[in-house]
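This report refers to the structure that appears directly beneath it.
The values are calculated or read from the model by the stated rules, or taken from the named source; none is laboratory data. From a predicted model like this one, the values you see are computed outputs, not experimental measurements. Note that each Cβ is placed from the backbone with ideal geometry, even for glycine, and that neighbours are counted across all protein chains shown. Keep in mind that these areas ignore ligands, DNA and RNA; they rest on the heavy atoms of the full protein, side chains included. Shrake-Rupley method; radii C 1.70, N 1.55, O 1.52, S 1.80 Å.
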Amino acid sequence: MENFEFVSPTHFVFGRRAEEQVGAKLSEAGARRVLVHFGGESARRSGLIDRVCASLDAAGVEHIELGGVRPNPEITLVREGVRLCKEGGVDWILAVGGGSVIDSAKAIANGACVDCDVWELFETKALDHDVLPIAVVLTIPAAGSEASKNTVVSNDELGLKTGYANNAHRPKFAFMNPELTFTLPPFQTAAGLTDMYCHLLERFFDDVGAVPVTDNLNLSLMNTIRAEAPRVLADPENYDARANIMWTGMLCHQGLAGVGRHEDWATHGLEHELSALDPAITHGAGLAVMFPAWMEYVYSENPTRFAFYGQAVFGLTPTGDANADALSAIDETRSFFASLGMPTTLAELGVEEDDIPKMLPTLAQNKGVPFGSFKKLTLEDAAEIYRLAL
Ligand SMILES: [Zn+2]
């Protein structure tokens with residue numbers, strides 16, 4: 001087991017009507033003026049924004065609103081949020097939404113406490129500044145951003161989609177009501193399940209040997225996703241299935257499933273370039289295509305690890321040939337994503353061979369070269385993995 005530090009300051013309020021406790025909890029924590037940050041108008045139409053604001057009103061907490069976060073959140077709206085916070089004396093940020101809204105809120109929370117342009121923080125990864133406290137009302141279980149140290153924001157002008165990790169912007173509260181996810185469309189539910197599962201794969205496959213306490217937690221979460229996915233897709237209003245998925249999504253990315261390991265994250269890097277190339281590409285859908293391709297390219301570094309994964313998650317019987325077992329595990333992974341309705345090729349995402357060279361310079365800029373840990377990848381390797389995914 002490698003040395004590690006693990007910080008998890010999030011106070012979870014989980015269950016039916018959790019969002020109605022927002023005002024009381026934030027007031028108790030000292031919030032006086034909150035920026036309520038959200039995405040499309042559906043959050044308002046559903047009445048959720050009104051309920052949350054009523055809860056803040058009842059607790060005497062002032063609030064201003066900033067909606068309009070798009071999937072793959074963009075730095076322009078973040079800058080607007082920073083301006084509102086600085087000019088409006090905002091002392092807390094409340095993200096109402098999924099990963100994109102939370103990531104945008106994290107960026108604002110950092111930007112509100114520095115004098116430089118907020119994008120500079122994504123470039124320098126500076127950690128030596130204050131961050132406004134963040135609370136979350138989660139509506140889309142997927143990214144795990146409600147408790148994670150990560151944010152990923154796009155800069156359309158520069159054609160970049162860049163991550164930034166800071167323990168100081170882990171949310172202080174996460175209000176998680178599974179009923180808020182009943183109306184998620186099947187594709188969005190499936191893309192979320194895929195993203196969660198890939199957060200586990202990124203941690204399971206690296207260059208560290210077995211770490212049983214971490215690995216068993218990780219595999220248990222993979223098995224939970226595999227069991228709950230068909231239940232929730234068949235019956236979107238199944239409270240228990242939605243609840244298990246919502247909590248699992250958090251556990252997949254808050255950090256515990258990777259402690260003592262180096263983790264890999266090459267495939268997320270490869271996927272972020274797809275979403276930067278075309279912001280219409282859903283993160284989970286991009287991952288469903290890229291992960292099996294990455295696996296095929298790298299498994300020979302340590303086929304036993306893949307064979308072990310195949311046995312633990314898909315119940316595969318060892319054949320005595322670790323390479324064959326590894327390939328079976330990869331096939332099962334691809335089939336699982338396909339069973340959720342996810343794409344299996346870049347062609348289905350509208351990405352062609354000519355697009356590959358366009359993604360490599362920004363990949364190098366975002367990830368550095370070499371990148372990944374299970375196998376250290378060059379840009380030539382990356383191009384080959386994209387080709388395998390065509
Ligand atoms: Zn992800």
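In table form, for the structure just shown:
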{"quantity": "Of all residues making up the stretch 1-54, the number that are of a type in the set (Lys, Arg) and not in a loop (DSSP other than H, G, I, E, B)", "calculated": "5"}
{"quantity": "Any hit, the stretch 314-334, residues being part of a helix (DSSP H, G or I), of a type in the set (Val, Ile, Thr), more than 30 Å from Pro171 (Cα to Cα) and away from the ligand (no atom under 16 Å from the Cβ)", "calculated": "yes"}
{"quantity": "Test: residue in the stretch 228-235 that is among the basic types (Lys, Arg), crowded, with 24+ Cβ neighbours inside 10 Å and in a helix (DSSP H, G or I)", "calculated": "no"}
{"quantity": "Candidates Ala142, Ala126 - the one that is under 17 Å from the mean Cα position of the chain (by Cα) and not assigned by the TED database to the domain that holds Ala241", "calculated": "Ala142"}
{"quantity": "In the stretch 157-186, residue most open to solvent (accessible area, probe 1.4 Å) [restricted to those that are within 16 Å of the ligand (Cβ to nearest atom) and either in a helix (DSSP H, G or I) or free of Cβ contacts under 8 Å to residues at least 60 places away in the same chain (or both)]", "calculated": "Ala165"}
{"quantity": "Criterion: assigned to a helix (DSSP H, G or I), away from the ligand (no atom under 16 Å from the Cβ) and either modelled with pLDDT of 95 or more or open to solvent by less than 10 Å² (accessible area, probe 1.4 Å) (or both) - qualifying residue of Ser300, Ser275", "calculated": "Ser300"}
{"quantity": "Filter result for Val118 (more than 16 Å from the ligand (Cβ to nearest atom) and either open to solvent by less than 10 Å² (accessible area, probe 1.4 Å) or without any contact (Cβ under 8 Å) to a residue 12 or more places away in the chain (or both))", "calculated": "yes"}
{"quantity": "Residue in the stretch 58-73 that is away from the ligand (no atom under 16 Å from the Cβ) and in a helix (DSSP H, G or I) present", "calculated": "yes"}
{"quantity": "Test: Ile225 is free of Cβ contacts under 8 Å to residues at least 60 places away in the same chain, within 16 Å of the ligand (Cβ to nearest atom) and not assigned by the TED database to the domain that holds Thr282", "calculated": "no"}
{"quantity": "The stretch 45-57, subset among the charged types (D, E, K, R) and exposed (fewer than 15 other Cβ atoms within 10 Å of the Cβ), residue modelled with the highest pLDDT", "calculated": "Asp57"}
{"quantity": "Answer from Val82, Val131 - the residue that is touching a His at 6+ places or on another chain (Cβ under 6 Å) and open to solvent by 10 Å² or more (accessible area, probe 1.4 Å)", "calculated": "Val131"}
{"quantity": "Test: residue in the stretch 28-40 that is under 17 Å from Val101 (Cβ atoms), outside the structural domain of Glu263 (by the TED database), touching a Phe, Trp or Tyr at 6+ places or on another chain (Cβ under 8 Å) and surrounded by 14 or more Cβ atoms within 10 Å (Cβ to Cβ)", "calculated": "yes"}
{"quantity": "Set Gly15, Gly81, Gly97, Gly23: member being closer than 16 Å to Val137 by Cβ, in contact (Cβ under 8 Å) with a residue 40 or more places away in the chain and in contact with a helix residue (DSSP H, G or I) (Cβ under 7 Å, 6 or more places away or on another chain)", "calculated": "Gly97"}
{"quantity": "Total residues in the stretch 341-369, condition assigned to a loop (DSSP other than H, G, I, E, B) and open to solvent by less than 20 Å² (accessible area, probe 1.4 Å)", "calculated": "4"}
{"quantity": "Of all residues making up the stretch 110-143, the number that are in contact with a Ser or Thr (Cβ under 9 Å, 6 or more places away or on another chain) and of a type in the set (Gly, Ala, Ser)", "calculated": "2"}
{"quantity": "Any pair with Cβ under 6 angstrom, 6 or more apart, that starts in the stretch 233-253 at a residue that is within 14 Å of Met222 (Cα to Cα) and ends at one that is open to solvent by less than 10 Å² (accessible area, probe 1.4 Å) and among the polar types (S, T, N, Q)", "calculated": "His253/Ser148"}
{"quantity": "Residues of the stretch 283-295 that turn out to be away from the ligand (no atom under 11 Å from the Cβ) and either open to solvent by 10 Å² or more (accessible area, probe 1.4 Å) or outside the structural domain of Leu217 (by the TED database) (or both), as a count", "calculated": "0"}
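Conditions (1) over 29 Å from Ala364 (Cβ atoms); (2) out of contact with any helix residue (DSSP H, G or I) (no Cβ under 6 Å at 6 or more places or on another chain); (3) in the same structural domain as Cys252 (by the TED database); (4) among the acidic types (Asp, Glu), marked per residue:
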residue: Val137; (1), (2), (3), (4): yes, no, no, no
residue: Ala147; (1), (2), (3), (4): yes, no, no, no
residue: Val153; (1), (2), (3), (4): no, no, no, no
residue: Ala210; (1), (2), (3), (4): yes, yes, yes, no
